[in-house]
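Please treat every number below as a calculation from the coordinates, not as lab data. Values in this document were obtained by computation on a predicted structure and should not be read as measured data. A quick note on method: Cβ atoms are made from the backbone with ideal geometry, for glycine too, and the neighbour counts reach across all protein chains shown.
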Amino acid sequence: MKRIIAAACIWDMDHTLYHHPDADIPSFAAATLTALRTLGAPGVDVLTLAQLKSITDYEYRTNGSSYPYIERTYGIARAELEAETQNHLIPNDILPCSELPILFASCPRRHIINTHAAPRWAAQVLDHIGLTPFFPPQNIVYHANHGFASKSTSPSTHQAALALAGCDVADVVMIEDAEKNLRIPKEMGMKTVLVGHHSERNGSHIDMWVERAADVFSLLDLPPDFIVAPANKIAATRQ
Ligand SMILES: [Mg+2]
């Protein structure tokens, strides 16, 4: 079985550290509708929640996200739409993976998040899924702090996450549910793991594919000269 040597893991958060295989977050459509109305998007007064939910679930299943469709259709900039939508999502809707806190506690690597989420939403999600102790605030890279740079088109947040990893780029693995967000990390020299259902699993930018984040841990080996990072010693002793 193929193995990945990694001293540090850079994680995406949404749809990577939790998993809704066939649909978007249950509250996503309602949150999006509220956001579109709040932002004054044209034509949303005739859009029903049922119509929008069928669109967002279809786009999630086929493209991994409905944001590009909504952005094109309603002419709202994605960064603005994401930020407003996250104000209305319900974290209790998310399905936590009960294995993950145990797996993180026994994984003595530096763990970093590189996310398009807003800080408030990220804090709510991590608390709900039981992973707050493993991701102290200084280990989370928010695209809002990098001009809303997209992980698929800009190296900015990837470079910031790599700096936090504090090790050679060849010893870093990035774990993501959106395959397009793995292209730049691969070009930078990181290992890459795609999580989830997406059909594009075999591109040269994808080293491995797994169904769920919990499946990643059994693939990882430590570098021979690895020294446990202090931040992760602290996280491990809190469990
Ligand atoms: Mg994601």
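For this structure, a couple of remarks:
- Overall, the stretch 28-92 carries a charge dipole of about 120 debye about its Cα centre when +1 sits on the Cβ of Lys and Arg and -1 on the Cβ of Asp and Glu, all other atoms neutral.
- P(r) of the stretch 110-223 over all Cα-Cα pairs, binned every 5 Å from zero, in whole percent: 2, 11, 21, 24, 24, 14, 3, 0
- Packing-based exposure ordering (other Cβ within 10 Å, fewest first) of Phe217, Phe28: Phe217, Phe28
- Cross-link reach list, aspartates and glutamates versus Lys53, counting only Cα pairs under 14 Å and skipping chain neighbours closer than eight places: Asp22, Asp24
- Computed from backbone phi, the HN-Hα couplings of the stretch 104-112 come to 5, 5, 9, 10, x, 10, 6, 10, 10 Hz, rounded to whole numbers (Karplus: 6.51 cos²θ - 1.76 cosθ + 1.60, θ = phi - 60°; Gly and Pro given as x).
- Kirkwood hydrodynamic radius of the chain, from inverse mean 1/r over distinct Cα pairs, in Å: 18.3 Å
- Net charge of neighbours whose Cβ lies under 14 Å from the Cβ of Met188, counting Lys and Arg as +1 and Asp and Glu as -1: -1
- Net charge dipole size for the chain [Lys, Arg +1 and Asp, Glu -1 on Cβ; Debye, nearest 20]: 340 debye
- Contour excess over end-to-end distance, with Cα ends at Thr48 and Ser106 and 0.36 nm allotted per residue: 16.3 nm
- 3J(HN,Hα) from dihedral phi, the stretch 168-180, Karplus parametrisation 6.51/-1.76/1.60, rounded to Hz, x for glycine, proline: 4, 4, 5, 9, 10, 10, 9, 10, 8, 9, 10, 4, 5
- Burial ranking of peptide ranges 119-129, 172-182 (average Cβ count within 10 Å, highest at the top): 172-182, 119-129
- Annotation: the residues Ser98, Ser152, sorted from fewest to most other C-beta atoms within 10 Å of their own C-beta, follow the order Ser98, Ser152.
- Column: log10 I(q)/I(0), Debye, Cα scatterers of the stretch 28-92, q = 0.19, 0.24 Å⁻¹: -0.65, -1.08
- To the nearest ten degrees, helix 49-63 and the longest principal axis of the Cα atoms of the chain are 40 degrees apart.
- Estimated from helices alone, the mean residue ellipticity of the chain at 222 nm is -10000 deg cm²/dmol (sum of -39500 (n - 2.57) over DSSP H runs with n ≥ 4, per residue).
- Across the stretch 66-71, coupling constants 3J(HN,Hα) worked out from phi with the 6.51/-1.76/1.60 Karplus curve, θ = phi - 60°, read 9, 4, x, 4, 5, 4 Hz, and Gly and Pro carry x.
- Computed label-point distance, nm, for sites Ile90 and Tyr69 using a 7 Å Cα→Cβ extension: 2.2 nm
- Net +/- balance of residues flanking Ile70 in space, Cβ distance below 9 Å, scoring K and R +1, D and E -1: 0
- Most positive-pole-ward Cα, Ala77, Val46, Ala35, against dipole of the stretch 28-92 from beta carbon charges: Val46
- Inter-part distance, the stretch 34-90 to the stretch 135-191, computed on C-alpha centroids, equals 26 Å.
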